[in-house]
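Only one structure is covered here, and it is reproduced in the block below.
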Amino acid sequence: MGQKTHPIGFRLGIIKGGRSWDSSWFASKSENYKQYVEEDIKIRSLLRENYQDAGIAKISIERGAELVVTLHTARPGIVIGRGGTRIDQLREEIEKMTGKISKVNVYEVKQPELDASLLARNVADQLEHRVMFRRAMRQASTRAMQSGAEGIKILCSGRLGGAEIARKEKVMVGRVPLHTLRAEIDYDVAEANTTFGKIGIKVWIFKGEITDTENNDSDLGPIGFTLQSNVPSEENEEQQAEASLEEGNVTTTEN
């Protein structure tokens, strides 16, 4: 009872069209694996610190002939900078950190209200500016539902409202089927650093179910087969005799 798992990791490789791995690379040696993980952590921390006001939702890292870093942000202009100067500085810092040729791609998040990372960060910023936690949670859930979400759940934990005893408060609108594997659920966590301690915010957003109906008939269809016996039986001999007589009649009629 009460066994929780990460909603995104739980669905990796199961549903098509859903969220994929944030880091995509292969290490042939254990030394390389350790080095790649440390580099990924440094790159992500660098981006989070330098672009706190850019609204970064997701950071993807791919390794091949070159290192490719992809940023999904709600404000791409802040990341790119005037004339692309800021993104060039970022690429140079990544190359200096890793010692590899790197490339930086920037994509805009079309609907930031449907992104769990941006929504959790928004609630955390409001709590840091002394907004009532119930009001912040209610406003965030309303905006998400108006943007097309089928369900949302927000959980705040900590010394809510400055109370001496920590507690949890939850707001849930719609439905969030965590046990349904075909459900596309976005999830993220943020922390609000207030004067009376840290407050954790968890956000689950249910965007709909992903169904792959095109390949169901071809991939998952029933397999038909027949079994033939090699041992001759009386019925088989009679059928073969009748077939040979019919063939003889046909040949005689043709002649």
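The values are calculated or read from the model by the stated rules, or taken from the named source; none is laboratory data. In this text the structure is predicted, and so the values were computed from the model without any measurement. With ideal geometry, Cβ positions are generated from the backbone for all residues, glycine too; neighbour counts draw on all protein chains shown.
General observations
Residues are listed down the side, and each one gets a yes or a no for (1) farther than 22 Å from Lys110 by Cα; (2) among the aliphatic types (A, V, I, L, M); (3) at pLDDT below 95:
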| position | (1), (2), (3) |
| --- | --- |
| Phe133 | yes, no, yes |
| Arg143 | no, no, yes |
| Ala163 | yes, yes, yes |
| Phe196 | yes, no, yes |
| Thr211 | yes, no, yes |
| Gly224 | yes, no, yes |
| Pro232 | yes, no, yes |
| Glu242 | yes, no, yes |
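- Every listed requirement among (1) surrounded by fewer than 17 Cβ atoms within 10 Å (Cβ to Cβ); (2) in a helix (DSSP H, G or I) is met by Glu113 save one, (1).
- Qualifying position, being loosely packed, with under 13 Cβ neighbours inside 10 Å, closer than 24 Å to Ile15 by Cα and not assigned by TED's automatic domain parsing to the domain that holds Arg11, among Gly162, Gly148: Gly148
- In the stretch 143-166 there is at least one residue matching the filter, namely being in a helix (DSSP H, G or I), in contact with a helix residue (DSSP H, G or I) (Cβ under 7 Å, 6 or more places away or on another chain), of a type outside the set (D, E, K, R) and under 15 Å from Arg121 (Cα atoms).
- One residue stands out among those in the stretch 1-60 that are among the acidic types (Asp, Glu) and within 26 Å of Val203 (Cβ to Cβ): the one that is surrounded by the most Cβ atoms within 10 Å (Cβ to Cβ), which is Asp40.
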